[in-house]
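Take a look at this one; I'll ask things after.
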Amino acid sequence: VIVVSKSIGEDYVKMYGIKMPYLVMNCPLLKDYPGNDYFRKKFNIPKSPIIFIHVGIYKQGRGLEKLMKIFDSANKKNGNLSLVLLTWGEDLKSLKKSISKYKNVYWHDRASLEVFMNYVASADWGVLLLENISKNNDYALPNKLFDYIMARLPVVVSNLEEMSRFVNENQVGYVVNSENDEKVIDVFSKINKTTKMKFLPNIERARKKYNWEEQEKTLLKLYKSL
């Protein structure tokens with residue numbers, strides 16, 4: 001049995017009486033990715049705003065409408081924040097209509113694998129404010145989180161079980177209670193150009209630990225045991 005987070009494995013042990021499953025996380029290859037200021041050029045974003053990126057399919061539980069409102073409020077305090085939603089899925093017409101209300105929020109369609117990581121690396125911070133609507137979200141350790149780290153982006157994540165454990169243990173960003181809008185707004189509004197610097201040494205260590213070259217060792221060990 002292979003799982004993508006520790007919590008899922010622990011639940012399977014309780015539910016099925018099996019030994020602890022193999023943990024193989026969905027991490028990208030260890031590689032440097034040139035961002036080349038892609039988003040600033042595409043959306044004509046000046047040099048000064050800090051660009052946050054959210055990556056993922058558009059569906060219930062991702063909290064995008066709430067995230068946009070939070071960014072709008074944080075930007076009124078900070079005045080130097082931008083949000084790029086690299087997202088796709090159903091009912092994008094509704095999403096784009098919501099985005100049009102905010103001057104600091106931009107939409108980008110899904111990107112091909114050849115350029116995806118370079119796009120991510122052109123942002124300054126990664127965001128994953130999943131809502132706690134299911135055990136699936138609570139136990140999620142999304143590949144997008146590892147993509148952000150590989151692209152050298154500190155992160156802001158909601159205080160779900162696995163994501164908060166990862167961010168706190170590795171000290172690569174902030175964990176926030178996504179149900180407390182005021183505190184989330186406060187965290188975003190206090191981020192400036194120098195905030196990122198204090199996380200970069202930890203991010204470099206995390207990149208060398210959470211990459212596919214390391215994860216495949218567990219998978220190969222499993223294959224060899226069969």
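The values are calculated or read from the model by the stated rules, or taken from the named source; none is laboratory data. Everything numeric in this text was worked out from a predicted model, so none of it was measured. Neighbour counts run over all protein chains shown; Cβ positions are idealised from the backbone, glycine included. Ligands, DNA and RNA are stripped out before the accessible areas are found, and what is left, the full protein with its side chains, is counted by its heavy atoms. Shrake-Rupley method; radii C 1.70, N 1.55, O 1.52, S 1.80 Å.
Kindly list the number of the only condition in (1) more than 18 Å from Asn26 (Cβ to Cβ); (2) open to solvent by 40 Å² or more (accessible area, probe 1.4 Å) that fails for Ile191.
The one condition Ile191 does not meet is (2).
Go through (1) surrounded by fewer than 16 Cβ atoms within 10 Å (Cβ to Cβ); (2) farther than 27 Å from Asp72 by Cα for Asp186 and report which single condition fails.
(2)
Then there is this: Could you say whether any residue in the stretch 49-69 is over 20 Å from the mean Cα position of the chain (by Cα) and surrounded by 17 or more Cβ atoms within 10 Å (Cβ to Cβ)?
no
Let me ask you something else. Taking Ser112 as meeting all but one of (1) under 21 Å from Tyr33 (Cβ atoms); (2) in contact (Cβ under 8 Å) with a residue 12 or more places away in the chain, write down the number of the exception.
Here Ser112 clears every test but (2).
Next question, about the same structure. For residues that are within 30 Å of Ala151 (Cα to Cα) and not in a helix (DSSP H, G or I), tally how many sit in the stretch 2-24.
Total meeting the criteria: 8.
Right, another one. Would you check if Leu95 is within 16 Å of Leu67 (Cβ to Cβ) and touching a Lys or Arg at 6+ places or on another chain (Cβ under 7 Å)?
no
Which fully enclosed strands (runs of 3 or more DSSP E) of the stretch 118-200 have 3 or more residues being among the β-branched types (Val, Ile, Thr), at pLDDT 95 or above and out of contact with any Pro (no Cβ under 9 Å at 6 or more places or on another chain)?
155-158
Out of Leu129, Leu83, report the one residue that is closer than 24 Å to Arg165 by Cβ and open to solvent by less than 40 Å² (accessible area, probe 1.4 Å).
Only one candidate qualifies: Leu129.
Could you please give the count of residues in the stretch 163-183 that are more than 18 Å from Leu153 (Cβ to Cβ) and crowded, with 17+ Cβ neighbours inside 10 Å?
Number of matching residues: 1.
Taking Asn143, is it open to solvent by less than 60 Å² (accessible area, probe 1.4 Å) and in contact (Cβ under 8 Å) with a residue 40 or more places away in the chain?
Considered against the rule, which asks whether it is open to solvent by less than 60 Å² (accessible area, probe 1.4 Å) and in contact (Cβ under 8 Å) with a residue 40 or more places away in the chain, Asn143 comes out as yes.
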